[in-house]
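Step one of this worksheet: look at the structure below.
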Amino acid sequence: MGDSATQPEGVAAGGTVELCAGALRLALRADLGGSIAGLWHQDTPILRSTRPGSLTRSRQSACYPLVPYSNRLGNQRFRWQGRDHTTQTNFDDNPHSVHGVGWLRPWEVVSHSAVAAVLRYRHAPDAHWPFVFEALQHFSLTPNSLAVQMTIQNTGDVTQPVGLGWHPYFPKREGSHLHIEISDRWEPDATGLPIRTVVQPGIEGEVAQMGLDHCFDGWKGAARIRDEKFSLQLTSNLTHLVVYTPADKAYFCVEPVSHVSNAIHMSDPAAHGLRTLQPGGSFDALMTLEVSVL
């Protein structure tokens, strides 16, 4: 479970931290999966946003961390270095485990200031994930941007598979438009597991006209999101994306991730982005959201 240490001075009950830089405001809920409750420009949401005191689950949040893997882990089991492991149901009645464990556990507020905060999660092996690790999220807010860095360290004595990412939700407005340069789209089976790639040199168009729920390879440059209120650029050091544009929801998702969904079951997991961390080793992921007011 997450650390139960006393929170730093200025952290509200429940692990709420609020940052402010110019017109941008960021609210974090450390206790709800180290999630972002909301990001606003003045009173207008940049991400799907909820007042931190009203947030009850990380899945309702503006963004939550994906650690130590992204998206689906097939059939709640995997084989790693000659040993079989199982995970647990953690996402409604999905037959696969989804998004790792960090988003479901409380994080500790290590430090914070008016424009920066550090959250930490320490994992002990359990039925959901068999390896010990420590994860840190560093949040930094400027008047025009939010930057988040996540670091995972193998604090155990055996090698372990690792993937990182984030799951940001964006409000779907009348003019919401996406421009993303990618190379390939993974087609899923009926349960959402990727099974083959097809060439797709880019995503361009109105979000309301898309019906995507896919992982993409070969992401380059910024993912550009534009509507009638803002122009946003999402950048990352990660090279895969999951894009989800449900027709019946008031949001859409553009998720920077380090690996293809279910990479651990593929013939060459490393070729699809899954990292192998030696004892003491670490892996860093970065995500930046730059905001311009139209």
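The values are calculated or read from the model by the stated rules, or taken from the named source; none is laboratory data. What you are looking at is a predicted structure, and each value in this text was computed from that prediction instead of being measured. Here the Cβ positions follow ideal geometry from the backbone for every residue, glycine too, while neighbour counts run over all protein chains shown.
Quick rundown of the values:
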| quantity | calculated |
| --- | --- |
| Any chance Leu119 is within 16 Å of the chain's Cα centre (by Cα), touching a residue at least 60 places away in the same chain (Cβ under 8 Å) and outside any loop (DSSP other than H, G, I, E, B) | yes |
| Condition check for Arg29: of a type in the set (Lys, Arg), in contact with a helix residue (DSSP H, G or I) (Cβ under 7 Å, 6 or more places away or on another chain), modelled with pLDDT of 95 or more and over 16 Å from His128 (Cα atoms) | yes |
| Qualifying position, being farther than 23 Å from Thr288 by Cα and touching a helix residue (DSSP H, G or I) at 6+ places or on another chain (Cβ under 6 Å), among Phe78, Phe91, Phe133 | Phe78 |
| Condition check for Asp227: free of Cβ contacts under 8 Å to residues at least 12 places away in the same chain and not small (Gly, Ala, Ser) | no |
| Among residues of the stretch 122-140, those that are among the hydrophobic types (A, V, I, L, M, F, W, C) and within 15 Å of the chain's Cα centre (by Cα), counted | 3 |
